[in-house]
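Inspection log for the structure reproduced underneath, given as C-alpha cells.
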Amino acid sequence: TASTYKLYVAYSALKRVESGEYQWSDQISAGRNLEKCFDDMIVKSDNACAEALVAKIGYRTLTVDAQSIVSENTTFLDTESYKTTAGDLSTFMASLATGQIPLNTSSQARFTDALKRNVYRQGIPSGASGTVADKVGFLDGFLHDAAIVYGPNGTYALSVMTDGSSWAAIAELTSEIEKLRQ
C-alpha cells in the first residue's frame, strides 16, 4: 500500500470522532493531537501519526472499517505489509467523492480538503486538468496515487499503483485517461 493505507486510517479516525470515542484534542504522536496528526498524515504523509493511529485503532478494527466500503483484498491483518488494490482505492475515493462513504458532511469535507492540500503533486495532479484530491504512497520503488479528479468533463476516481515506475509516467497515464474522457 505504501502510504495509501493512510486513507483507511483517516476514515477510521473520522468515524471515531463522529461517535465521540475520540476527540480532536486527543494526544496521538510526539505532542501532536488528533487534529494535527490527521492533517499531517494526509497532507504531508506523516508516518509517525499514521502508525500511532494504527496502534490506537487496531488492525482488526481498521480491516473491518475498510472492508465495509471496499473488498476483502484490503487488510491490516498482515502487520508486516498492509494490503489493498487499485480497485479498492478507487472504490474508496469514489465513495468519498459521491458522499456514499458513511461519514457526515463535515467529516467528508475535512477529509477532502486535506486531500486537496496534499504536498505531493507530481503524479495524478500533474496529468489532470482539474482540481485533484489525492493521497500518494511511495516506498522501495513503489509509487502509488489514489485520487478524486474534479475535471472539466466531470468528477472521477483514479488509482494507479506501480512498482519501478515514475511520477511522470503516472502523470502521463492520467493525461491519456483524460483524453479518453472528452
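The values are calculated or read from the model by the stated rules, or taken from the named source; none is laboratory data. Nothing here was measured: the structure is a model prediction, and the numbers come from that model. Here the Cβ is made from the backbone with ideal geometry for all residues, glycine too, and neighbour counts use every protein chain on show. For accessibility, only protein heavy atoms count, side chains too; no ligands or nucleic acids. Shrake-Rupley method; radii C 1.70, N 1.55, O 1.52, S 1.80 Å.
Taking region 146-164 as the region of interest, how many residues are in a strand (DSSP E or B) and surrounded by fewer than 23 Cβ atoms within 10 Å (Cβ to Cβ)?
9
Does L77 qualify as being of a type outside the set (V, I, T) and open to solvent by less than 30 Å² (accessible area, probe 1.4 Å)?
Taking the combined requirement at face value, the residue does not satisfy it.
Evaluate the following for S3: is it open to solvent by 20 Å² or more (accessible area, probe 1.4 Å), closer than 21 Å to K135 by Cα and either in contact with a Lys or Arg (Cβ under 7 Å, 6 or more places away or on another chain) or of a type in the set (S, T, Y) (or both)?
Taking the combined requirement at face value, the residue does not satisfy it.
Step by step: first the residues of region 87-106, then only those that are free of Cβ contacts under 8 Å to residues at least 12 places away in the same chain and part of a helix (DSSP H, G or I), then the one that is surrounded by the fewest Cβ atoms within 10 Å (Cβ to Cβ). Which residue is that?
By that ranking, first place goes to T105.
Restrict the check to region 43-60 and report whether at least one residue is in contact (Cβ under 8 Å) with a residue 60 or more places away in the chain, open to solvent by less than 30 Å² (accessible area, probe 1.4 Å) and within 14 Å of the chain's Cα centre (by Cα).
Taking every residue of region 43-60 in turn, at least one turns out to be in contact (Cβ under 8 Å) with a residue 60 or more places away in the chain, open to solvent by less than 30 Å² (accessible area, probe 1.4 Å) and within 14 Å of the chain's Cα centre (by Cα).
Please state which one of A157, A86, A133, A97 is under 14 Å from the mean Cα position of the chain (by Cα), at pLDDT 95 or above and either within 21 Å of C37 (Cα to Cα) or not aliphatic (A, V, I, L, M) (or both).
Of the residues listed, the single one that is under 14 Å from the mean Cα position of the chain (by Cα), at pLDDT 95 or above and either within 21 Å of C37 (Cα to Cα) or not aliphatic (A, V, I, L, M) (or both) is A133.
Pull up region 34-86, narrow it to residues that are hydrophobic (A, V, I, L, M, F, W, C) and part of a loop (DSSP other than H, G, I, E, B), then point me to the one that is farthest from A2 (Cα to Cα).
Once the filter is applied, the top-ranked residue is I69.
So, in region 107-145, of the ones that are of a type in the set (D, E) and out of contact with any strand residue (DSSP E or B) (no Cβ under 7 Å at 6 or more places or on another chain), which residue ends up surrounded by the most Cβ atoms within 10 Å (Cβ to Cβ)?
Out of the qualifying residues, it is D113.
How about region 101-124: which of its residues are over 21 Å from V54 (Cβ atoms) and touching a helix residue (DSSP H, G or I) at 6+ places or on another chain (Cβ under 8 Å)?
N104, Q108, T112, R117, V119, Q122, G123, I124, listed by residue number.
One residue is enough: does region 121-129 have a residue meeting the conditions modelled with pLDDT of 95 or more and assigned to a strand (DSSP E or B)?
Among the residues of region 121-129, not one is modelled with pLDDT of 95 or more and assigned to a strand (DSSP E or B), which makes the answer no.
How many residues does region 25-39 contain that are open to solvent by 10 Å² or more (accessible area, probe 1.4 Å) and within 24 Å of A97 (Cβ to Cβ)?
2
So how many residues does region 12-23 have that are farther than 11 Å from S107 by Cβ, open to solvent by less than 70 Å² (accessible area, probe 1.4 Å) and not polar (S, T, N, Q)?
Summing the residues that are farther than 11 Å from S107 by Cβ, open to solvent by less than 70 Å² (accessible area, probe 1.4 Å) and not polar (S, T, N, Q) in region 12-23 gives 2.
With (1) in contact with a helix residue (DSSP H, G or I) (Cβ under 6 Å, 6 or more places away or on another chain); (2) surrounded by 15 or more Cβ atoms within 10 Å (Cβ to Cβ); (3) more than 19 Å from T4 (Cα to Cα) as the list, and S175 as the residue in question, which single condition is left unmet?
S175 satisfies all of (1) in contact with a helix residue (DSSP H, G or I) (Cβ under 6 Å, 6 or more places away or on another chain); (2) surrounded by 15 or more Cβ atoms within 10 Å (Cβ to Cβ); (3) more than 19 Å from T4 (Cα to Cα) except (2).
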